[in-house]
Amino acid sequence: MKKSIVRLILFSVIPFLVICYSLSIINNSTDDFYKRFTSSQQNSFILGSSRAASMDPEIIDQIIHQKFPNAKLYNYAFTWAHSPFGPKYLESIEKKIIPETKDGVFIVTVEPTALMVDRGQPDDLKFYVENDKSVAKTSMVSTNPNIEYLIESYDFSVTNELNKKIRPPKNVIAEVRILDNGKVDGKIIKQNSPKKQEQINKIKMEEFQVKINKLKTSENRFLYLKKTINFLQEHGTVILVRMPVNKVPYSIENSTFPDFDEKISEIASMERIKYINYNKTPNHYKWTDEVHLSPESMREFSKVIGNDVLN
Amino acid sequence: MLLNSYYFIFFFIVLYFAYYIFAKSSKIQNIVLLAGSYIFYCSWSWEFLSLIIFSTAATFFIGNKIKSNEGKNKVRWLRFGIFLILIQLLYFKYFNFFIENFNELLQIFGLKDQLNLLKIIFPIGISFYSFRMIGYLLDIRNNKLKEIPSLLDYSVFVAFFPCIIAGPIDKAAPFLNNLKIKREFSSTVFTDGLKQILWGLFKKLVVADNIATITSPLFESYHTLNGSTLFIGAALYFIQLYADFSGYTDMAIGISKLLGIKIQPNFNYPLFAQNVADYWRRWHISLTSWLTEYVFTPLSINFRDYGKFGLIMAIMINFLVVGFWHGAEWHYIFHGLVSGIMFIPLILNGKMNKKIKASDAIIPTKDEIKNIPVTFILFSLLMVLFFVKDMEMAVNYYKEIFSLSFFQLPNFPIQKEIILLILITLIIEWIGRGKEYGIKELFTGKSLVIRWSFYYVLVFLIFLFYIAPKGFIYAQF
């Protein structure tokens, strides 16, 4: 037995070394969210779904610096499925914040789907969509390297970064990476023709309609939105924001959840914080897919939001 | 806990050392196996551990009763045991199917009242362990199991962790024989087991999961694709299902070998089958041989007075069970029915039981060149009924394949490197087809450098082509 085990260990040396090398380069260019869970604790956040994930903390920091000199925003917005308002997201935020923070800034973005649950299930925490996602599964959010994340949530081969060098991905439409401040930085490499993009958007909106039809309003999620706000208020200034989307998704959201704005405004006034629905303010933004702002528009929007935090 | 996960590796290392180093007798080894099997099952579905324990205890008790009784009482206990197993299977797997169809029937007759569907969670592995338990009771009744095992051994047989999720469905007697004596470590079996696990991992992670990157989007957008593309999709799915399921089986058999337990094979290179009967002798062998022994043979004896018609009836019922076993969906039932219908020409020609002599040569014979592609195409087309979501999709899918658009060029991108991987796998399997698994004796007798180099290539291809972890297709059954 000993001899066989020794032979197996000897055989494993080369693969093990390859794995070690791959792990050593994993932090430089990673998957979707690894960096979010390896960065240190932060004092200010941008929170919400993928619509807010590419909001630029750097631009906002520059604008708000005069009023909030200690605030250094970190983008901790994931996706609709990873980070809707609920116990898991709140728990993750609680772990990610520097506990002593008193003068932070928190941009909390809201959208109807982040406050809804599966229509076919009870509004019970155990049926929530985020339960099996990385935000819920990662209990250590500021550890580098984050072995827990790599084992539980890293969906690629451990040699993925090495693989990319050997076998670069083909037909890449966009390159996405996460910056040190948590911002999802997307670079569009191949642009679809306007006609094709229109077709794609049409299909996406049909899918969006189907998705939202399967959801219902969640009192529990609203409760957790309030809890999240209350928690953040202990650490600084909170602003509630509804991200701008194009007309079609906005009308889908409003027809499914007509009193959404009213409910959010109610929470904002109850908690005495500012709420801005940027769909009601005139703009010339462009979207990559009707709901996510294009990189140029996001830069522009980050300036707008920075100024609104300031005032 | 997937067999190809880090957790499983850790779990198995702990179990392995406890099994060989600390377990001083066969009884303790079996306790380790049972504890490991229940822990493994809990990692999938802890809610249903009590169900499996209760079913095991109940069928063990009934098995004893069958053994100790004679005549009518023996048969009564057998019927009661099978009823008990089937009732839980029917409830968990088929209850809503019957309700849905009953409701549709009510609608046809203009009745608006509808029965409510129940929210039933499906206990993982139930189809596999239920068949193990039924087989056990039938074997006692038929005197194929000479002595009743201990409750511990029987519990290991029902819940044995490498097989509980997706088989193979072992027969009681050969499996229980494994447990009688203390398993000693054997370096030859150890190496053989590791090689089989490696080959299983390769087939699953490199071949099946990468084909899935083509077939999944292809099936999603099937209504926009032409006939030739849809046919390619069906053929690729056939290979994917084989690589996925046989990959799992190779891992399960390899893991069992490491534990000194020999389990039943499930595949014998079905992609190289030469006709319908030959295919079913090579595909999911543990299920088909189970059904042959406990369903088809008794039926064909009962129907023997009706000649070929009786044989056809027995085959049709047998395949109806195959379809139904896969799931409570009409497309699975049709899959079973069509599989049965495909046998009819062989029955009528008297060729059903005629075994085809397969050559071991690397160059295929004329018959192989002629028969293998035809059988492959036939079963690729049959696969449509397996992977579709419902019968509507199946009808539309077939309509497009059998339209003029079949003669157009495919209108869906298919990565060349995946085709290359499939070809390499098929070549290896073709060369190794006389052996238990593809690479078993591929480089036997060659130097260590050559052998290890080949294994390294497989390991690095797994690293290189690994994509997000996917469950095994057959785990859903």
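Read-outs throughout are calculated quantities, based only on the coordinates presented, and are distinct from any laboratory measurement. All of these numbers come straight from a predicted model, not from anything done at the bench. Quick reminder, even Gly has a Cβ in these numbers, built from the backbone with ideal geometry, and neighbours come from all protein chains shown.
Under the criterion of Cα pairs below 8 Å and six or more residues apart, the relative contact order for chain B equals 19 percent. Among the DSSP helices (H) of chain A, those spanning at least 20 angstrom by Cα along their long axis with an average Kyte-Doolittle hydropathy of 1.6 or more are A:2-25; this is a geometric and hydropathy rule only. The trypsin sites (Lys or Arg not before Pro) of region B:1-78 meeting both criteria, a DSSP state outside H, G, I, E and B (loop) and at most 13 other C-beta atoms within 10 angstrom of the site's C-beta, are B:Lys24. Over chain A, DSSP H runs of length four or greater, each weighted -39,500 (n - 2.57), average out per residue to a 222 nm ellipticity of -13500 deg cm²/dmol. Where both bridge residues fall in the protein assembly as shown, DSSP classifies roughly 35% of the beta bridges as antiparallel. Spin-label model, A:Glu152 to B:Thr297: label points 7 Å out along the Cα-to-beta-carbon direction sit 5.1 nm apart.
What lysines could a cross-link reach from B:Lys354, if we take a straight Cα to Cα line under 23 Å and drop same-chain neighbours fewer than 8 places away? Candidates past the 8-residue exclusion: B:Lys308, B:Lys366, B:Lys370, B:Lys435.
Given a cut-off of 18 Å, name the pairs among A:Lys72/A:Lys183; B:Lys93/B:Lys144; A:Lys3/B:Lys262; B:Lys195/B:Lys440 whose C-alpha atoms lie farther apart than that in the structure shown. Check vs 18 Å cut-off fails for B:Lys93/B:Lys144; A:Lys3/B:Lys262. Cβ-Cβ distance of B:Ser405 and A:Val172, R₀ of 22 Å, FRET efficiency by 1/(1 + (r/R0)^6): the value works out to about 0.15. Per-residue shielding of B:455-467, expressed as the average number of other chain Cβ atoms within 10 Å of the residue Cβ, stands at 4. The alpha-carbon of A:Lys204 sits under 13 angstrom from the alpha-carbons of these aspartates and glutamates, leaving out residues fewer than 8 places away in its chain: A:Asp289, A:Glu290. Normalising the average separation of contacting C-alpha pairs (under 8 angstrom, six or more residues apart) by the number of residues puts the relative contact order of chain A at 25 percent. For chain B, the longest piece that avoids every one of the GluC sites (Glu not before Pro) found in DSSP loops with at most 12 other C-beta atoms within 10 Å covers B:185-477. For the protein assembly as shown, the Cβ-based charge dipole about the Cα centre amounts to some 2620 debye (Lys, Arg positive; Asp, Glu negative; other atoms uncharged). Amide H contacts for A:Ile97 (H built 1.01 Å from N in the peptide plane; partners 5 or more residues away or on another chain; cut-off under 5 Å): A:Gln42. For A:Lys226 and A:Gln121, the difference between the fully extended length at 0.36 nm per residue and the C-alpha to C-alpha distance is 35.5 nm.
Restricting region B:101-188 to trypsin sites (Lys or Arg not before Pro) that sit in a DSSP loop and have at most 16 other Cβ atoms within 10 Å of their own Cβ leaves B:Lys112, B:Lys119, B:Lys144, B:Lys146, B:Lys182.
Remark: the A:Glu262-A:Glu219 segment gains 14.0 nm on full extension, using 0.36 nm per residue and subtracting the alpha carbon distance.
If Lys and Arg each add +1 and Asp and Glu each add -1, what is the summed charge of the other residues whose beta carbon sits under 14 Å from the beta carbon of B:Phe343? Cβ neighbours under 14 Å give a net charge of +3. Annotation note: GluC sites (Glu not before Pro) in region A:232-311 located in DSSP loop regions with a Cβ neighbour count of at most 16 within 10 Å are A:Glu234.
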